[in-house]
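The values are calculated or read from the model by the stated rules, or taken from the named source; none is laboratory data. Keep in mind that what you see is a predicted model, and the values were worked out from it rather than measured. Cβ: placed from backbone, ideal geometry, glycine included. Neighbour counts: every protein chain shown.
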């Protein structure tokens, strides 16, 4: 819901409000239509991917709509 630049601040000094449920469109690293219904993981602060790994170990939610190889709708409550 909000953004903050804390690049010059100490850890934990900035706070933002976040949504914890809902379906939202996000950028994707590389997805295809067969991944709809599968779990998706954070690749960075605004991009998701289907691959879970050492970098992508934070589950974002479930892909509910494929838009393109670089866009999709994620249900973040699942």
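Worth a mention:
- The set of residues in the stretch 12-29 being in contact with a strand residue (DSSP E or B) (Cβ under 7 Å, 6 or more places away or on another chain) and more than 15 Å from residue 77 (Cα to Cα) consists of 27, 28, 29.
- Selection within the stretch 51-74: residues that are at pLDDT 90 or above and not in a strand (DSSP E or B). The member of this set that is nearest to residue 22 (Cα to Cα) is 70.
- Per-region count, the stretch 34-50, residues at pLDDT 95 or above, more than 16 Å from residue 24 (Cβ to Cβ) and touching a strand residue (DSSP E or B) at 6+ places or on another chain (Cβ under 8 Å): 3
- Where a residue in the stretch 1-23 is within 29 Å of residue 64 (Cα to Cα) and its partner, wherever it lies, is surrounded by 10 or more Cβ atoms within 10 Å (Cβ to Cβ) and at pLDDT below 85, with Cβ under 9 Å and at least six apart: 20/77; 21/77; 22/77; 23/77
- Selection over the stretch 1-33 of residues that are farther than 19 Å from residue 58 by Cα and surrounded by 10 or more Cβ atoms within 10 Å (Cβ to Cβ) gives a count of 6.
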